[in-house]
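Worksheet: one structure, shown below.
The values are calculated or read from the model by the stated rules, or taken from the named source; none is laboratory data. Computed from a predicted model, the values in this text were never measured in an experiment. Here the Cβ positions follow ideal geometry from the backbone for every residue, glycine too, while neighbour counts run over all protein chains shown.
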Amino acid sequence: MHSLHSAASYLYTNYENVMSQPGKGFLVWLAGLSVLGFLATDMYLPAFAAMQQDLNTSAASISASLSLFLAGFALGQLFWGPLSDRYGRKPVLLSGLAIFAAGCLGMLWVHNATLMLALRFLQAIGVCAAAVTWQAMVADYYPAQRTNRIFATIMPLVGLSPALAPLLGSWLLVHFEWQAIFATLFAITLLLMLPALRLKAAAKSVVVTQQKITFLALLRSREYSGNVLIYAALFPPASSPGLPVHLLSCMKWAMAQPLSA
């Protein structure tokens, strides 16, 4: 009798877990949020020459837009994460996507390099919210035993997006002006905002510990600092246009982007 009751409780618990889990549409939406930052970073790279000519500016100014974008993306992570833990994923995600959409819309009427640089920085601050919250939502909306599988499903798409984004940008550049790239990003952002408007709170909430973790405490952590240093050390050699890269012409364009900081 006791074993029968235990089996019934186990089946009921599993049934509740399955019924409370999001559907495939939610997973597709998370995948869209995960690649948005890479689309914003790489999709406009083929338009550098066209933007330089249209804005009547130097190549250095156009290249600086990528550096500013990466700086804004790094900066945004410092406050979007804590804000999403405090106020919830939905308001933070909608705010970030709205900022990014405004930056994309402004690029349609940009007329000088200074405004272009400011808008690219604004875009980075906004789109960073999507990059931060989608990973947190995997932990919020899926049981612990499924999170690794969800990440394993989405991450290959994340890895492919930096390679596919310039191809999409090149196709748009062939058929339209360079502003069409940012118009496309604006449209994609609006589509991603629609499910966010209907997002319900997760069944499980973030457990806030009594001990406050500061950035200084993280830097003092050997585990955290060690992982960060290893990851950071891999970027300069991976993105450096050294002699072997120059000898392989196809790899030169794939690896010589100024992405190391």
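Yes/no matrix, rows are residues, columns are (1) under 17 Å from F48 (Cα atoms); (2) modelled with pLDDT of 90 or more; (3) out of contact with any Lys or Arg (no Cβ under 6 Å at 6 or more places or on another chain); (4) crowded, with 20+ Cβ neighbours inside 10 Å:
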| site | (1), (2), (3), (4) |
| --- | --- |
| A102 | no, yes, yes, no |
| L105 | no, yes, yes, no |
| A124 | no, yes, yes, yes |
| W134 | no, no, yes, yes |
| P143 | no, no, yes, no |
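Would you say I154 is modelled with pLDDT of 85 or more, crowded, with 18+ Cβ neighbours inside 10 Å and touching a helix residue (DSSP H, G or I) at 6+ places or on another chain (Cβ under 8 Å)? Steps first, please.
Numbers: modelled with pLDDT of 85 or more: no; crowded, with 18+ Cβ neighbours inside 10 Å: yes; touching a helix residue (DSSP H, G or I) at 6+ places or on another chain (Cβ under 8 Å): yes.
No, not satisfied.
Kindly indicate the residue of the range 184-229 that is assigned to a helix (DSSP H, G or I) and of a type in the set (G, A, S) and also modelled with the lowest pLDDT among those meeting that condition. Don't jump to the end; show me each part of the working.
Just the residues of the range 184-229 that are assigned to a helix (DSSP H, G or I), to begin with: 184-197, 215-220, 222-229.
Subsequent filtering for residues that are of a type in the set (G, A, S) retains 187, 196, 217, 225-226.
Working: A187: 95, A196: 87, A217: 74, S225: 77, G226: 78.
The selected residue is A217.
Residue under question is R86, and the condition is that it be assigned by TED's automatic domain parsing to the domain that holds P46, surrounded by fewer than 15 Cβ atoms within 10 Å (Cβ to Cβ) and either within 28 Å of A232 (Cβ to Cβ) or basic (K, R) (or both); does it hold? Before you say what the answer is, go through the steps one by one.
Working: assigned by TED's automatic domain parsing to the domain that holds P46: yes; surrounded by fewer than 15 Cβ atoms within 10 Å (Cβ to Cβ): yes; either within 28 Å of A232 (Cβ to Cβ) or basic (K, R) (or both): yes.
Answer is yes for this residue.
Only one of (1) closer than 27 Å to T214 by Cα; (2) crowded, with 17+ Cβ neighbours inside 10 Å is not met by A74, so which one is it?
A74 satisfies every listed condition except (2).
Can you say whether S63 is in a helix (DSSP H, G or I), touching a helix residue (DSSP H, G or I) at 6+ places or on another chain (Cβ under 7 Å), at pLDDT below 90 and hydroxyl-bearing (S, T, Y), as far as the supplied structure shows? Reasoning before the result, please.
Values: in a helix (DSSP H, G or I): yes; touching a helix residue (DSSP H, G or I) at 6+ places or on another chain (Cβ under 7 Å): no; at pLDDT below 90: yes; hydroxyl-bearing (S, T, Y): yes.
Considered against the rule, which asks whether it is in a helix (DSSP H, G or I), touching a helix residue (DSSP H, G or I) at 6+ places or on another chain (Cβ under 7 Å), at pLDDT below 90 and hydroxyl-bearing (S, T, Y), S63 comes out as no.
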